[in-house]
Amino acid sequence: MRLLHKYHEFLIYSIFGCLASLINIVSFNLFHNHWHLTMLWANTIAWLLANLFSFFANKAVVFKAGGHHGWRFIKEIILFLSQRIVALLLDNVLMWLGVNWLRWSNLIVKTGDQLIVGIVNYLSTRAIFLHENGPLLRRMEHRRQTPPKKSTTKKTCHSK
């Protein structure tokens, strides 16, 4: 049970990461193999759909980083998607190498690259959502572990 508690955040992230990867793979398959978009266009559109899902899932469920409005929300989504652009580049490179150079099936390559990209995404996503909330989370944890202080002042009556 301790292990489950210790890695709870990662396990929840993994479940939603698998769902995002599934969205990515199914979308890619639809756009590339059925609607015949080029591989890079299909990959980019699939990336966008999966990452929009991932942003809201990570924010609300995995890292419980509230606030779905205002400048903080805009800052988080910009940071999230801009960080994920690096993952998109990695994704596109892996797809190109696997399909064009190694001549593997695009769905096999897509599935494999989602594992690699998923690990990269976890590390950076965690940093984005917990960076803003870090000082607050540390204060809350400290308060939870520290017993309340007893008052040391004596009550006295003053008469005039």
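The values are calculated or read from the model by the stated rules, or taken from the named source; none is laboratory data. Since the model is a prediction, treat every value here as computed from it, not as a measurement. No Cβ is skipped: glycine too gets one built from the backbone with ideal geometry, and neighbour counts run over all protein chains shown. For the accessible areas, the whole protein counts, side chains as well, though only heavy atoms, and no ligand, DNA or RNA atoms are used. Shrake-Rupley method; radii C 1.70, N 1.55, O 1.52, S 1.80 Å.
THR111 passes all but one of (1) at pLDDT below 70; (2) surrounded by 10 or more Cβ atoms within 10 Å (Cβ to Cβ); (3) of a type outside the set (A, V, I, L, M); which number fails? Here THR111 clears every test but (1).
Hey, does region 21-35 have a residue that's more than 14 Å from the chain's Cα centre (by Cα), at pLDDT 80 or above and part of a loop (DSSP other than H, G, I, E, B)? Within region 21-35, one or more residues are more than 14 Å from the chain's Cα centre (by Cα), at pLDDT 80 or above and part of a loop (DSSP other than H, G, I, E, B). If a residue must be at pLDDT below 80 and open to solvent by less than 10 Å² (accessible area, probe 1.4 Å), how many such residues does region 59-75 contain? Residues meeting the conditions: 1. Exactly one residue among VAL86, VAL109 is out of contact with any strand residue (DSSP E or B) (no Cβ under 7 Å at 6 or more places or on another chain), of a type in the set (A, V, I, L, M, F, W, C) and without any contact (Cβ under 8 Å) to a residue 24 or more places away in the chain, and that residue is VAL109.
Each row is one residue, and each column tells you yes or no for (1) among the basic types (Lys, Arg); (2) closer than 24 Å to TRP101 by Cβ.
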residue: PHE31; (1), (2): no, yes
residue: ASN58; (1), (2): no, no
residue: LYS64; (1), (2): yes, no
residue: GLY70; (1), (2): no, no
residue: ILE77; (1), (2): no, no
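Reported count of residues in region 11-52, each being in contact with a helix residue (DSSP H, G or I) (Cβ under 7 Å, 6 or more places away or on another chain) and either within 17 Å of LEU123 (Cβ to Cβ) or crowded, with 16+ Cβ neighbours inside 10 Å (or both), is 25.
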